[in-house]
Amino acid sequence: MTGSQDGPANDLDQWLAGCGSHRQTQYLERERRVLSGNHAVEIQAGGQPLLNFSSNDYLGLASHPELVAALNNTARSNGVGSGASALVTGYREEHRLLEQELAEFLQREKVLLCSSGYLANLAVATSLVGKGDVIIQDRLCHASLIDAARLSEARFLRYAHADMAALQRQLELKKAGNTLVVSDGVFSMDGDTAPLTEMATLCEGYQAWLAVDDAHGIGVCGPGGRGSVAAAGLGSSQVPILTGTLGKALGCFGAFVAGSEALINHLVNEARSYIYTTAMPPALAAAARAALRRVIEDDWRREQLQGLIKHFRQGASRRGLILMASDSPIQPMVIGDSQTTLELASRLQRQGFLVVAIRPPTVRKGTARLRITLTAAHQPAQLDALLDAIATASSYV
Ligand SMILES: Cc1ncc(COP(=O)(O)O)c(C=O)c1O
């Protein structure tokens, strides 16, 4: 007898069915949709053409021919899998070159490639703090940073979003041991930027180490696309630990930690989420090198994106739509409850717009939202069409 045809077959299936129906009644059930074709603004889901407003491919690089060619060529010469973890036999010349080029770009001594941003954040927290230490985070930090803090076994404190007085109070609790302060650079679900200058000053005053996860800033903001830390005029002495992902503005996959030679050497030796996982395929490193060249050379992509962000916000305000305060490509519109947010998202999808409803636990209860993301590949007319559709759909829910 199978659980799917005749009801739950055993204890486990029964328990899972209970979890599922609880999620359903709360409008928190998640489903994946299968997309086809190139990753671009115009996509297909189940045969339906849609305009994608839920991608982190901020510079429109994911399907760029130079990235595709680099991936193909390196797969031909190096194969697909890296075959082992980096410390065994998985570390290739393409990895080394990408690390070197990222370090030059970010003006840091060294970079360590990781297989994902999630793993990069685990690497930092678990190898820098532990029992007897303290880790302090903004309450809206990304889930990977929260999990990293939990795994580190350090005392975990969180302060209200961007509240520097609260951060200071927590820093004052400092006893023996090390203190690591961690924040998103650009907040993934809100789109605003952390008060990095104030954080750096506080960390300096209290001898705490500052780590910034700039997954949504690198490539997008700051001088030459060097991210929110560079935009704040901060360097390696104020922010000694910087993580970023290759899966968003760089249109690839994988991630990195940037910092001093000593930091990277420490991670190579101590970071379990780096040591005990297969190294990223070398062809992906080659694609990321091609992406980095576009990030460095194509200022026009960032300029285009900034123009679109402005256009979108002005258009929203003209239509009386309230967006969160954000000057990043992440333009959330808080709806409140999950049911209404889902209803809005499905109305938009029926009209050809893919805007994913973001619900708890990704965001706090009562703050479910449409998280609209803009990319350099959007057209102003597509933004206007989405805004019109949101204005109309909002009047029905
Ligand atoms: C702030 C932040 N950090 C880390 C990650 C994880 O990066 P990756 O997708 O490379 O694991 C994400 C998103 O996925 C993110 O938004």
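The values are calculated or read from the model by the stated rules, or taken from the named source; none is laboratory data. Here the structure is a predicted model, which means the values were calculated and not measured. Neighbour counts are summed over all protein chains in view; Cβ atoms, including those assigned to glycine, are modelled from backbone coordinates with ideal geometry.
Of the helices (runs of 4 or more DSSP H) lying entirely inside the range 1-97, those carrying at least 2 residues that are among the charged types (D, E, K, R) are 11-25, 65-78.
To keep it simple, each residue is scored yes or no on (1) β-branched (Val, Ile, Thr); (2) in contact with a Phe, Trp or Tyr (Cβ under 8 Å, 6 or more places away or on another chain); (3) within 16 Å of the ligand (Cβ to nearest atom); (4) modelled with pLDDT under 95.
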site: 151; (1), (2), (3), (4): no, no, yes, no
site: 156; (1), (2), (3), (4): no, no, no, no
site: 160; (1), (2), (3), (4): no, no, no, no
site: 174; (1), (2), (3), (4): no, yes, no, yes
site: 185; (1), (2), (3), (4): no, no, yes, no
site: 196; (1), (2), (3), (4): no, no, yes, no
site: 207; (1), (2), (3), (4): no, no, no, no
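Applying the criterion of being in a strand (DSSP E or B) and among the polar types (S, T, N, Q) to the residues of the range 162-195, the residue that is surrounded by the most Cβ atoms within 10 Å (Cβ to Cβ) is 183. Applying the set (1) surrounded by fewer than 22 Cβ atoms within 10 Å (Cβ to Cβ); (2) in contact with a Phe, Trp or Tyr (Cβ under 9 Å, 6 or more places away or on another chain) to residue 128 leaves exactly one unmet item: (1). Candidates in the range 355-397 are the residues that are of a type outside the set (A, V, I, L, M) and part of a helix (DSSP H, G or I); of these, the one that is nearest to residue 307 (Cα to Cα) is 380. Selection over the range 365-376 of residues that are more than 13 Å from residue 333 (Cα to Cα) and either more than 19 Å from the chain's Cα centre (by Cα) or modelled with pLDDT under 95 (or both) gives a count of 1. Residue-level analysis places residue 77 outside the set of residues that are closer than 30 Å to residue 195 by Cα and either within 16 Å of the ligand (Cβ to nearest atom) or surrounded by fewer than 19 Cβ atoms within 10 Å (Cβ to Cβ) (or both). Checking each residue in the range 220-267 for being part of a loop (DSSP other than H, G, I, E, B), touching a strand residue (DSSP E or B) at 6+ places or on another chain (Cβ under 8 Å) and buried (at least 24 other Cβ atoms within 10 Å of the Cβ) picks out 220, 221, 227, 239, 246, 254.
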